Amino acid sequence: MKLLEKLETYKTSEKIALKCENEKLSYKELWEYSENLANYLSKNLKKNEPLVVYGHKNPYMIVCFLACVKSGHTYCPVDTSISPERLNDIVNTVKPEIVLSCIDKEVDGFNTLTINDIMKISKENKKDCDKNNYIKEQDIFYIIFTSGSTGTPKGVEISYESLNNFIKWISTLDAKKNGQKIYLNQAPFSFDLSVMDLYLSLYNEGELILIEKDIQSDYSKLFDRFKSNLINTWVSTPSFVDICLASEDFNDKLLPELDTFLFCGEILTKKTAEMLLKKFPKAKVYNTYGPTESTVAVTSIEITQEIIEKYDALPVGKPKEGTEILIDNEEMIIVGDTVSNGYFKNPVLTNEKFSIINSQRAYRTGDKGFFLDDLLFYSGRIDNQIKLNGYRIELEDIENNMMRVDGVSKVAVLPKYEEDKVKYLTAYCIYTKEISSKLKAIAEIKEELKNYIPSYMVPKKIVFIEKIPTNNNGKIDRKKLMELGDN
């Protein structure tokens, strides 16, 4: 059964669908409010035009997502944590008729429905929307923007068909339980990992606990939230669970109902997996792999103690049904029924990265990988793209934007690895302004850089150097820079 059809079967359910600190919505409210808002959008906007949904961990963002697709519109989620410049880049690329802002703030230069408008329309305009307006299988369900090497983000288009194929598969990894399941939402809705917990929960009539950004950095508040919401299925990046594991209180006494861990977005280390198996002996730990361009994830494996002991690094598992992974000169190519239609308004890059193989869409990932014992292993990038705390980042994106900072004439950004995982970023730059205090100069660079890129992309360390080394091809010699950093 497709997502919207399944949700309709819950339309009279009083069970809680979405819950954050100050707001919660039942399935009945979620269905009715999204119907009412969809009616408004159908009557007032051109069909098939994408709309931007702006906000952070507000249940009404999901009302907006559903209202968009029920009225024939693709939705594009944008989190409030991104820089004003990046917000402008995305909104000016999408050019929506209106922005649905789930905060009390308008987006400059665009017609905006703020949270008060959204709540009023969704509660007062009580009427079922026309199902003929619903988004179709081949239509684009959502667009998520990711880091781009040019310094401008690129929008990944995911069809309704691809999303349904993903939900069908990911549901097979979720442990069955009597009664309503409770799911963790860690990632912002502009990060594709959130698609896993959001639609897995909604499809199964679960309750999704939205953990706001400020809560995630406060152990006391975070663990109190865990105590009051006994989560069954945990979905996060490995980095987030590492933060939790730093506390001795993070164990099966804190979350006695937790039976499933689902990880994606970056490397899951053996150390992390082993600690989880020890602290949550009754829970299953799954490692998954997949870029945004293939609808979140396409491989999976349950990590057991036997797997940990057998391999030097953890495998990412076997491809799901409907997906094949080819290895071409170490690079992984994903072929299958959840591969993206391409990049929004970017035919050149789409033609470069996407193709048709065996009558199915294929995506050239830029990830290196290999098979061993019929299991897929991820072995790094063939270019300058990395994963940091689950976020996919093009190092050139940071470099191009850092060159806009006053005084920076040349820059190279490198990741610092620990146990095969990126711990932080270091920027090596030639700085032309007079420096009275290095600490002050670094602080000023970081502050200005936040105007151009999200804070999670700002390098932790900045090193001033006189000359950036190059190799025989005239390209930056990143190996020499790494040696410089190590010294």
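The values are calculated or read from the model by the stated rules, or taken from the named source; none is laboratory data. Keep in mind the model is a prediction, meaning the values are calculated, not measured. Here Cβ is always computed from backbone atoms with ideal geometry, including for glycine, and neighbour counts include all displayed protein chains.
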Taking into account only those residues within region 140-169 that are closer than 16 Å to residue 393 by Cβ and part of a strand (DSSP E or B), which is farthest from the chain's Cα centre (by Cα)? 154
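Out of all the residues in region 195-202, is one or more assigned by TED's automatic domain parsing to the domain that holds residue 349 and over 22 Å from residue 293 (Cβ atoms)? Talk me through it step by step, then tell me what you get.
As a first pass, look at region 195-202 and keep what is assigned by TED's automatic domain parsing to the domain that holds residue 349: 195-202.
Applying the additional criterion that residues be over 22 Å from residue 293 (Cβ atoms) yields 201-202.
Yes, because at least one residue in region 195-202 is assigned by TED's automatic domain parsing to the domain that holds residue 349 and over 22 Å from residue 293 (Cβ atoms).
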So in region 159-187, with the set limited to residues that are of a type in the set (Val, Ile, Thr) and out of contact with any helix residue (DSSP H, G or I) (no Cβ under 6 Å at 6 or more places or on another chain), which one is surrounded by the fewest Cβ atoms within 10 Å (Cβ to Cβ)? 172
Can you tell me which condition residue 468 does not meet? The list is (1) at pLDDT 90 or above; (2) in contact with a Leu (Cβ under 9 Å, 6 or more places away or on another chain), and all the others hold. (1)
Looking at region 288-311, which of its residues are over 27 Å from residue 161 (Cα atoms) and in contact with a strand residue (DSSP E or B) (Cβ under 9 Å, 6 or more places away or on another chain)? 303, 304, 307, 311
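For region 149-158, enumerate the residues that are touching a strand residue (DSSP E or B) at 6+ places or on another chain (Cβ under 6 Å) and surrounded by 19 or more Cβ atoms within 10 Å (Cβ to Cβ). Talk me through it step by step, then tell me what you get.
So the first thing to find is which residues in region 149-158 are touching a strand residue (DSSP E or B) at 6+ places or on another chain (Cβ under 6 Å), and the list is 149, 153-158.
Residues satisfying the conditions are 153, 154, 155, 156, 157, 158.
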Is at least one residue of region 254-275 under 24 Å from residue 81 (Cα atoms), of a type outside the set (Lys, Arg), assigned by TED's automatic domain parsing to the domain that holds residue 10 and in a helix (DSSP H, G or I)? no
Looking only at region 429-448, and only at residues there that are modelled with pLDDT under 95 and touching a helix residue (DSSP H, G or I) at 6+ places or on another chain (Cβ under 8 Å), the one that is nearest to residue 89 (Cα to Cα): 429
Any residue in region 18-38 that is at positive phi and hydrophobic (A, V, I, L, M, F, W, C) sitting within a Cβ distance under 6 Å of a residue that is modelled with pLDDT of 95 or more and assigned to a helix (DSSP H, G or I)? List the pairs, counting only those 6 or more apart or interchain. none
When region 360-388 is examined, which residues are found to be surrounded by fewer than 18 Cβ atoms within 10 Å (Cβ to Cβ) and modelled with pLDDT of 95 or more? 360, 364, 370, 371, 372, 373, 374, 375
Just for region 100-124: of the residues that are in contact with a Ser or Thr (Cβ under 9 Å, 6 or more places away or on another chain) and aliphatic (A, V, I, L, M), which one is surrounded by the most Cβ atoms within 10 Å (Cβ to Cβ)? 100
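Limited to region 283-305, what total is found for residues that are of a type in the set (A, V, I, L, M), closer than 18 Å to residue 323 by Cα and out of contact with any Pro (no Cβ under 7 Å at 6 or more places or on another chain)?
Our first condition is that a residue be of a type in the set (A, V, I, L, M); within region 283-305, this holds for 283, 285, 296-298, 301, 303.
Filter again for closer than 18 Å to residue 323 by Cα, leaving 296-298, 301.
Right, trim to out of contact with any Pro (no Cβ under 7 Å at 6 or more places or on another chain) and you get 296-297.
Residues in region 283-305 being of a type in the set (A, V, I, L, M), closer than 18 Å to residue 323 by Cα and out of contact with any Pro (no Cβ under 7 Å at 6 or more places or on another chain): 2 in total.
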Is it the case, given these coordinates, that residue 179 is more than 25 Å from residue 102 (Cα to Cα), in contact with a strand residue (DSSP E or B) (Cβ under 9 Å, 6 or more places away or on another chain) and in a loop (DSSP other than H, G, I, E, B)? no
